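One structure is given here, and the rest of the page talks about it.
Read the figures in this text as sums done on the coordinates, not as results from a lab. Quick caveat: nothing in here was measured; it's all calculated off a predicted structure. Methodologically, a virtual Cβ is constructed for each residue, glycine included, from the backbone with ideal geometry; neighbour enumeration extends over all protein chains shown.
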2 protein chains.
Amino acid sequence: MGDSVSFIDAYRRIATEEAFAPPEMLRMYRELLASGRNDDPGFMSMWGFYSGSRSERATFIIERLQDLDAHRIADMDATGISMQVVSLTSPGVQVFDAETAKSLSVLANDQLADAVRRHPQRFVGLAACAPQDPAHAAQEIERCVRTLGFRGVIINSHTRHEYLNDAKFWEICEAAEALDVPIYLHPNTPSRGMIQPLLERGLDGAIYGFAVETGMHALSMITAGVFDRFPKLKLVLGHLGEALPFWLYRLDYMHQASIRANRYPFLKPLRQPVSAYLRENVYVTTSGMPWAPAIRFCQEVLGDTHVLYAMDYPYQYVAAEVAASDEVPMDAECRRRFFQTNAEALFGLEAH
Amino acid sequence: MGDSVSFIDAYRRIATEEAFAPPEMLRMYRELLASGRNDDPGFMSMWGFYSGSRSERATFIIERLQDLDAHRIADMDATGISMQVVSLTSPGVQVFDAETAKSLSVLANDQLADAVRRHPQRFVGLAACAPQDPAHAAQEIERCVRTLGFRGVIINSHTRHEYLNDAKFWEICEAAEALDVPIYLHPNTPSRGMIQPLLERGLDGAIYGFAVETGMHALSMITAGVFDRFPKLKLVLGHLGEALPFWLYRLDYMHQASIRANRYPFLKPLRQPVSAYLRENVYVTTSGMPWAPAIRFCQEVLGDTHVLYAMDYPYQYVAAEVAASDEVPMDAECRRRFFQTNAEALFGLEAH
């Protein structure tokens, strides 16, 4: 007991990529899959599985996604998680037509706000939005931050096969920057033009396709100049940055080589090397990567204020992984940053 | 001078991913691009650029690819490279119809063999082949190894949008294993079903698309059971393993989760965790990644006998990168493995 108390004194564990789903949204997913109107093969692969499988994995995840009370808090207590930064599970409302997506984003945010009100010491919310209507999305983000007390935005990668590099979505970036809250760019399955060979090999999901999709999305935001336009915008990537930290050197070299050779109209000179945006504007979380070598690598190349703990509940609810995260070699100050104070600073939790 | 001599005594630098192109092949690339018969948008992107651009980068690369004598050896001398492991540049013959590809692979191998005969202390060859006709490819690999003295096989990723996970190509794997030579799985632009969003953003090439394509290719070979079927087969990946080493933990977790949930018909149980094949059957080279944090990370997670030096000549001919590679922190024994003895062992160069 003495150990346990001093342990808790040393740092609180804030888990930063934790998912929920309103029952209404899961019903609408099932209806969309049954309707024949879905044009996203990745959505069919992911939610055809989760909503149709009788496997232990799918059953547990579907149950726990819908709980924002006793089961979730018991799971947090059982694994020593003080607080969850909760966000709408992928692909959220981004798979629907604009009108459906807008009303569903409001419903999801209101449900999450109610849960935060019931458990203010345990949950903090990220705002879902409908990028299908960027002006509505910006308004909804503002409502969530100013009125509901949410502390960031969740974007579940592509919105009907479009990406935030496209300037038509930049109202969303502008709103997040103005409100001083980060955008969490969470994976989705790869968009229509990129998924086929992955899907045929069973590699479209979390094993590989998520990283392909989300890494490209984040990189294309950088190369499109989003962070030159919105220099204070903060972007959060799960899975230790979707491997982009591994590529820092090569991204700089090849971006500069392409610019010098004037190879692509899309690639224009940036104010800084690509790696500078990854080090300054991007924060990475460990979601599903509780592995010392990769965590330490990211701390080394990004700086230890930019690497945060996440569990990826309920998709990867594994008590042994919390213990493994505790045991990653780092000094006490660094460990406190990793589990607690980086999240407090990034999501502005001190005032809450 | 004294420093220089003792330096050379300590290790020889063997560069393991170095490209050439027969003039005939470059002419046929231009003809294919002009013909309107090319169905590979990545080929159009890559070779439309290299064969059409007047940029300094493209001009230098086109010139140097075709030289296997004075210019190349002068460049090696200028940067302290003792030996190049030379292979047919991407996509090699793999973009052509089967008959064209077969005859061109023989021509390319004969040209490379002539160069190796002229400069036996400086070049060793990898065998090009035409996977479009797997039986011919296996025969050509055998001819190259037994008759021409080549020490491995180059596969420039997809062959007309197909991958080596497909059992129809396994004669190639069988031949390489039987001859005890590695397959170097080199990048190509992503295949048709995966390239579109990357291409639209200028990210289909070396900056990101190469890794997406080649990482998926290697991973799909593992998950398809290629290394259960051919347990002594060795696979070489450039660019420090196309980021697969970064994903070791997650690949194991998600592969096992998919298998338990029986999610995909393509994914079947393997004899070992995915990471075990990456550690045992796979070797990685630094080509274009002369960056200490990533090199040391790979040595840590794969073992330092599985990490080799490569320059990626002539695509990345940068003297300062050789110096940077020399300065990566490692002890003398490890450094000799990295630059020299790992390559000697993997490609069987001791007897040459």
**Study point:** Loop sites in the range B:235-281: trypsin sites (Lys or Arg not before Pro), DSSP, at most 13 other Cβ within 10 Å
**Key:** B:Arg271
Point to revise | Label 7 Å beyond Cα on the Cβ vector: A:Gly48 copy-to-copy distances, nm | key: 3.2
**Study point:** the range B:250-352: chymotrypsin sites (Phe, Trp or Tyr not before Pro) in DSSP loop, at most 15 other beta carbons within 10 Å
**Key:** B:Phe266
Check your understanding: What are the nm distances, shortest first, from B:Glu327 to its equivalents in the other copies, labels at 7 Å along Cα→Cβ?
Key -> 3.7
Check your understanding: What does the charge add up to near A:Gly205, with Lys and Arg as +1, Asp and Glu as -1, over the other residues with Cβ less than 15 Å from its Cβ?
Key -> -2
Review point. Hey, got the Cα dimensions of the range A:47-148 along the principal axes, in Å, largest first?
Key: 41, 35, 15
Exercise for review: Would you mind listing how long the protein assembly as shown runs along its three principal axes, going by Cα atoms, in whole Å with the largest first?
Suggested key: 79, 57, 49
Exercise for review: Starting with the fewest neighbours, write out B:Ile62, A:Ile154 ranked by other beta-carbon atoms found within 10 Å of each beta-carbon.
Suggested key: B:Ile62, A:Ile154
Review point. What is the dipole size for the protein assembly as shown, taken about its Cα centre, with +1 at each Lys and Arg Cβ and -1 at each Asp and Glu Cβ, in debye to the nearest 20?
Key: 460 debye
Check your understanding: Which percent, nearest 5, of DSSP beta bridges in the protein assembly as shown are antiparallel?
Key -> 5 percent
Study note, to complete from the structure: On the formula 1/(1 + (r/R0)^6), with r taken between the Cβ atoms of A:Ala178 and B:Ser35 and R0 of 60 Å, the FRET efficiency rounded to 0.05 is 0.70
Study note, to complete from the structure: If labels are modelled 7 Å from Cα along the Cβ direction, A:Ala78 lies from its partners in the other copies at nm distances, smallest first, of 6.5
Point to revise | Antiparallel content of DSSP bridges confined to chain A, in %, to 5 | key: 5 percent
Practice item. Might you report the magnitude of the Cβ-based charge dipole of the range B:73-205 about its Cα centre, with Lys and Arg at +1 and Asp and Glu at -1, to the nearest 20 debye? Key: 260 debye
Check your understanding: Applying the Karplus parametrisation 6.51 cos²θ - 1.76 cosθ + 1.60 with θ = phi - 60° to the phi angles of the range B:249-259, what ³J(HN,Hα) value in whole Hz is obtained for each residue in order, glycine and proline being reported as x?
Key -> 5, 5, 4, 5, 4, 6, 5, 5, 5, 5, 5
**Study point:** Per-residue ³J(HN,Hα) for the range B:277-282, Karplus 6.51 cos²θ - 1.76 cosθ + 1.60, θ = phi - 60°, Hz, x for Gly and Pro
**Key:** 5, 5, 8, 9, 8, 9
Review point. If contacts are Cα pairs under 8 angstrom and at least 6 residues apart, what is the relative contact order of the range B:145-256 in percent?
Key: 31 percent
Exercise for review: May I have the extent of the alpha carbons of chain A along their three principal axes, as whole Å values ordered from largest to smallest?
Suggested key: 64, 50, 43
**Study point:** Euclidean distance between Cα centres, the range A:134-210 to the range A:97-111, Å
**Key:** 15 Å
Study note, to complete from the structure: Per the C-alpha gyration tensor (a ≥ b ≥ c, the square roots of its eigenvalues), the range A:264-332 is rounded if a/c is under 1.5, else prolate if a/b beats b/c, else oblate; here it's prolate
Check your understanding: In whole Å, what is the distance between the alpha-carbon centres of the range A:47-64 and the range B:258-335?
Key -> 35 Å
**Study point:** Estimated dipole of chain A in Debye, rounded to 20 [Cβ of Lys and Arg +1, of Asp and Glu -1, Cα centre]
**Key:** 640 debye
Study note, to complete from the structure: Scoring the range B:199-352 by relative contact order with C-alpha pairs under 8 Å, at least six apart, yields a percentage of 21 percent
**Study point:** Contour minus Cα-Cα distance for B:Ala58 and B:Asp110 (0.36 nm per residue)
**Key:** 16.1 nm
Check your understanding: Of A:Gln121, A:Ala218, A:Tyr309, which is farthest along the charge dipole of chain A in the positive direction, counting Lys and Arg as +1 and Asp and Glu as -1 at C-beta?
Key -> A:Ala218
Check your understanding: Once you sort the root eigenvalues of the Cα gyration tensor of the range A:114-228 as a ≥ b ≥ c, which label holds: rounded (a/c under 1.5), prolate (a/b larger than b/c) or oblate (the other case)?
Key -> oblate
Point to revise | Ascending count of other beta-carbon atoms within 10 Å, so fewest first, for B:Thr147, B:Thr341 | key: B:Thr147, B:Thr341
Review point. Hey, what do the phi angles of the range B:223-233 turn into as Karplus ³J(HN,Hα) couplings, whole Hz, using 6.51/-1.76/1.60 and θ = phi - 60°, x for Gly and Pro?
Key: 5, 7, x, 4, 8, 6, 6, 10, x, 9, 5
Check your understanding: What aspartates and glutamates could a cross-link reach from A:Lys168, if we take a straight Cα to Cα line under 19 Å and drop same-chain neighbours fewer than 8 places away?
Key -> A:Asp97, A:Glu99, A:Asp133, A:Glu140, A:Glu142, A:Glu177, A:Asp228, B:Glu200
Check your understanding: Sorting B:Leu112, B:Leu148 on the 10 Å Cβ count, fewest up front, what's the list?
Key -> B:Leu148, B:Leu112
Practice item. Sum -39500 (n - 2.57) across every DSSP H segment of at least 4 residues in the protein assembly as shown, then divide by the residue count to get the 222 nm mean residue ellipticity, nearest 500. Key: -14500 deg cm²/dmol
Check your understanding: Any idea what the relative contact order of chain A is, in percent, if you count C-alpha pairs under 8 Å spaced at least 6 apart?
Key -> 18 percent
